[in-house]
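The values are calculated or read from the model by the stated rules, or taken from the named source; none is laboratory data. Predicted model only: the values in this text are computed from it and were never measured. Ideal geometry is used to build each Cβ from the backbone, glycine not excepted, and the neighbour counts take in all protein chains shown. Surface accessibility is based on the protein's heavy atoms, side chains included, excluding ligands, DNA and RNA. Shrake-Rupley method; radii C 1.70, N 1.55, O 1.52, S 1.80 Å.
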Amino acid sequence: MAASSCINLSSKFPSLSWKSHLSSTTSTSTSTSTSTFSISPLRAHHHHYPRFVIFAMCSAKPTVLVAEKLGEAGVNLLKQFADVDCSYNLTHKELCTKISLCDALIVRSGTKVSREVFESSGGRLKVVGRAGVGIDNVDLAAATEHGCLVVNAPTANTVAAAEHGIALLTAMARNIAQADASLKAGKWLRNKYVGVSLVGKTLAVMGFGKVGSEVARRAKGLGMHVIAHDPYAPADRARATGVELVSFDEAIASADFISLHMPLTPATNKILNDETFAKMKKGVRIVNVARGGVIDEDALVRALDAGIVAQAALDVFTVEPPKDSKLVQHENVTATPHLGASTMEAQEGVAIEIAEAVVGALNGELAATAVNAPMVPAEVLSELKPFVALAEKLGRLAVQLVAGGSGVKSVKVIYGSARAPDDLDTRLLRAMITKGLIEPISSSFVNLVNADFTAKQRGLRIAEERSLLNGSPESPLEFIQVQISSVDSKFASALSDSGEIRVEGRVKDGIPHVTKVGSFEVDVSLEGSIILCRQVDQPGMIGKVGSILSEENVNVSFMSVGRIAPRKHAVMAIGVDEEPTKESLKRIGEIPAVEEFVYLKI
Ligand SMILES: NC(=O)C1=CN([C@@H]2O[C@H](COP(=O)(O)OP(=O)(O)OC[C@H]3O[C@@H](n4cnc5c(N)ncnc54)[C@H](O)[C@@H]3O)[C@@H](O)[C@H]2O)C=CC1
Ligand SMILES: O=C(O)C(=O)COP(=O)(O)O
């Protein structure tokens, strides 16, 4: 890890700075003044910020692989935007082969989106859309490491799953499935299929989330006494539904019926096992429309055989379709083939929900249902948009000021804002600074999904600080300052008093500007490229540099000079639209008053 963070800048940015570095005493003056010369008209109003914050827009039509049956409305929506390949029943190997040609993949619960899938995609796969809730079939860690966004459709099938839970509960209590099979087999067994009543019985809802709370409401309507266990659910939300939240042990010990509605996680894996079955009331009845893996299925067979569990109604299995039929064949088990979400309405709903999320993500929008990236509300996003561009550009600027051979390990970001500290969500900005810092010096592709992971992997520590400013909190931010400590700079004037590379920027008229380099105040819009030039402050400097550039037809977009005091040292920042040749950069470096300079690509 440490080794990969030692970045050899000189290979990426061949010697672009001339003249020797100045000593730190001369490069750390504090009081500076700024004069700004607008050479050619600012293109502020013609500038469009990219919509992307996660991915750059796909230049060609993206390809979406739909690997499981998806509602028609969703497929049609996808087709308006992408080439859609509906290939159901692919083997894992076929999926791994196909995936390298796809920008997005849509699945339900039947497809294992393993690490191998992400590795096989060769970096092309940008989004995995799960047309439903449970994402336990997607390797989230691998997705994040590959910068692939995972989105789900968390709400459209809630009612369907809850209704299926209630259907299984009532069917189980009255032996509907068994009686139906028996009648179809020509029998008339009225005494065998005497059921149990639900009214007045205690139902323990395990996992009081979207589905669990809908099941609870419906069960109350059936006259059941409903309790729930959920370590993370707010007690007042449960109370509002007339449900008491209790401990796990209390829930399973006092329930006549247990209905499972938690996600499958390492903590819930086989949460019902020999030990927990032993704590239950003899004759308990269990419903599972969550995930098969939350029950130890062998232990359930034992508990059914021992009569601890009188009946079970199962929609989900550890392996689907279930291989060992002991459980499914058990006469006290009612089973359905993972039908919880399978209503016309829910499938249409999840298809539209996931198609919109995938199209949005491919368009570079932040998904509201992102599973492995921060969800940033649209209004926050639109406010932060210009600062998102500023953040990335400051990162790019700062890292290019690092001298070759220095390992970038420690970065501090200071956000200057008049807003209350918890009123500024910096995750997006931090990710974009990370992108700016890492992409110019590596082959990594950094986005909001993998920014923190990539930084950590490279041993890059990014500390964030808030500088609380007086004034109007109308704008979310006044400035962003990026500091890189414990490195040498190829432009010594970029070092602050305390020896770290320091660049600061602001947004002016919607355009990001760099407004401070080291201790020098400058003001150049962060478009195109920048020449930073430290010189003895004397007349004619702007003209000399300007004429060298104009000889090559390099358009200067913006120029500003920050100086400590008249006729002493000054830093000139020049924005250029075209890339000057090495020869002309060399000539600028050879102007006698120029002490050091650097050319930076933004
Ligand atoms: N059978 C089917 O076709 C369907 C199955 N599902 C499954 O149902 C489950 C619930 O889905 P939603 O309600 O939409 O999810 P949700 O995220 O809204 O609710 C899950 C709840 O479980 C709680 N929880 C987490 N760990 C827990 C633990 N150790 N003990 C108790 N509670 C815990 C969470 O705090 C949360 O409140 C998921 O497993 C999902 O995959 C959902 C839709 C359809
Ligand atoms: O949404 C969920 O979690 C489900 O279990 C539904 O699964 P499915 O989309 O029907 O394969």
Completion exercise
Of the candidates A346, A367, A398, A341, the one satisfying the condition of being among the small types (G, A, S), closer than 30 Å to L78 by Cα, more than 15 Å from ligand 1 (Cβ to nearest atom) and buried (at least 20 other Cβ atoms within 10 Å of the Cβ) is A367
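How about segment 232-278: which helices (runs of 4 or more DSSP H) wholly inside it have at least 2 residues that are within 33 Å of the chain's Cα centre (by Cα)? Steps first, answer last, please.
On the way: elements: 235-240, 248-254, 274-278.
Helices (runs of 4 or more DSSP H) meeting the threshold: 235-240.
Which one is modelled with the lowest pLDDT among residues in segment 565-584 that are surrounded by 23 or more Cβ atoms within 10 Å (Cβ to Cβ) and aliphatic (A, V, I, L, M)? Walk me through how you get there before you give the answer.
Here is the first cut: in segment 565-584, the ones surrounded by 23 or more Cβ atoms within 10 Å (Cβ to Cβ) are 570-575.
Pick out the ones that are also aliphatic (A, V, I, L, M) and you get 570-574.
Details: A570: 85, V571: 88, M572: 88, A573: 89, I574: 90.
Once the filter is applied, the top-ranked residue is A570.
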Problem - Conditions (1) away from ligand 2 (no atom under 15 Å from the Cβ); (2) under 19 Å from the mean Cα position of the chain (by Cα): number failed by K98 - result: (2)
Exercise for the section: Those residues that are away from ligand 1 (no atom under 16 Å from the Cβ) and within 30 Å of M375 (Cα to Cα), I need them from segment 140-190; list them, please. Expected result: A141, A142, A143, T144, E145, H146, G147, C148, L149
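Which residue is nearest to ligand 1 (Cβ to nearest atom), if the candidates are limited to segment 208-239 and must be within 17 Å of I258 (Cβ to Cβ) and open to solvent by 60 Å² or more (accessible area, probe 1.4 Å)?
Start the filter on segment 208-239 by keeping residues that are within 17 Å of I258 (Cβ to Cβ), which leaves 208-209, 211-216, 218-220, 222, 224-231, 233, 238.
This time we only want the ones that are open to solvent by 60 Å² or more (accessible area, probe 1.4 Å), so: 218, 220, 222, 225, 231.
Working: R218: 14, K220: 17, L222: 19, H225: 19, P231: 6 Å.
Of everything passing the filter in segment 208-239, P231 is nearest to ligand 1 (Cβ to nearest atom).
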Exercise for the section: Determine which single condition G505 fails, assuming it passes every other condition in (1) under 26 Å from E583 (Cβ atoms); (2) assigned to a strand (DSSP E or B); (3) not acidic (D, E). Expected result: (1)
Problem - Failed condition for V205, given (1) of a type in the set (A, V, I, L, M, F, W, C); (2) crowded, with 21+ Cβ neighbours inside 10 Å; (3) within 30 Å of L366 (Cα to Cα) - result: (3)
Practice task
Kindly provide the set of residues from segment 90-122 that are in a loop (DSSP other than H, G, I, E, B), within 21 Å of R291 (Cα to Cα) and free of Cβ contacts under 8 Å to residues at least 40 places away in the same chain, ordered by number.
Solution key: K112, S114
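If a residue has to be open to solvent by 20 Å² or more (accessible area, probe 1.4 Å) and on the phi < 0 side of the Ramachandran plot to count, how many in segment 524-564 make the cut? Let's see the steps before the verdict.
In the first step, residues of segment 524-564 are kept if they are open to solvent by 20 Å² or more (accessible area, probe 1.4 Å); the result is 527-528, 536-540, 542-544, 546-547, 550-553, 555, 563-564.
The next check asks that each one be on the phi < 0 side of the Ramachandran plot; those that pass are 527, 536-539, 542-544, 546-547, 550-552, 555, 563-564.
Of the residues in segment 524-564, 16 are open to solvent by 20 Å² or more (accessible area, probe 1.4 Å) and on the phi < 0 side of the Ramachandran plot.
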Exercise for the section: Could you grab the pairs with beta carbons closer than 9 Å, sequence gap of 6+ or different chains, first residue in segment 131-143 and open to solvent by less than 20 Å² (accessible area, probe 1.4 Å), second one within 11 Å of ligand 2 (Cβ to nearest atom) and of a type in the set (S, T, Y)? Expected result: G132/S109; G134/S109; N137/S109; N137/T111; V138/T111
Handout entry: Top-ranked residue in segment 191-229 [being within 16 Å of ligand 2 (Cβ to nearest atom) and β-branched (V, I, T); ranked as nearest to A290 (Cα to Cα)]
Key = V211
Exercise for the section: Considering each residue of segment 508-518, count those that are open to solvent by 10 Å² or more (accessible area, probe 1.4 Å) and either part of a strand (DSSP E or B) or not acidic (D, E) (or both), and give that number. Expected result: 4
Practice task
Could you please let me know if V309 is free of Cβ contacts under 8 Å to residues at least 40 places away in the same chain, closer than 27 Å to A267 by Cβ, open to solvent by less than 40 Å² (accessible area, probe 1.4 Å) and touching a Phe, Trp or Tyr at 6+ places or on another chain (Cβ under 8 Å)?
Solution key: yes
Handout entry: Flag if L304 is in contact (Cβ under 8 Å) with a residue 40 or more places away in the chain, in contact with a helix residue (DSSP H, G or I) (Cβ under 9 Å, 6 or more places away or on another chain) and surrounded by 19 or more Cβ atoms within 10 Å (Cβ to Cβ)
Key = no
Completion exercise
(1) over 21 Å from V127 (Cα atoms); (2) open to solvent by 20 Å² or more (accessible area, probe 1.4 Å); (3) of a type in the set (D, E, K, R); (4) touching a Pro at 6+ places or on another chain (Cβ under 9 Å) all hold for R427 apart from (1)
Problem - Selection status of K282, open to solvent by 80 Å² or more (accessible area, probe 1.4 Å) and either more than 16 Å from ligand 1 (Cβ to nearest atom) or in contact with a His (Cβ under 9 Å, 6 or more places away or on another chain) (or both) - result: yes
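May I ask you to list the residues in segment 144-170 that are among the aliphatic types (A, V, I, L, M), open to solvent by 20 Å² or more (accessible area, probe 1.4 Å) and away from ligand 2 (no atom under 13 Å from the Cβ)?
At the first step, the residues of segment 144-170 found to be among the aliphatic types (A, V, I, L, M) are 149-151, 153, 156, 159-162, 166-169.
Among the residues that remain, those that are also open to solvent by 20 Å² or more (accessible area, probe 1.4 Å) are: 156, 159, 166-167.
Scanning segment 144-170 gives I166, A167.
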Practice task
Would you mind stating whether T318 is within 23 Å of V138 (Cα to Cα) and of a type outside the set (A, V, I, L, M, F, W, C)?
Solution key: yes
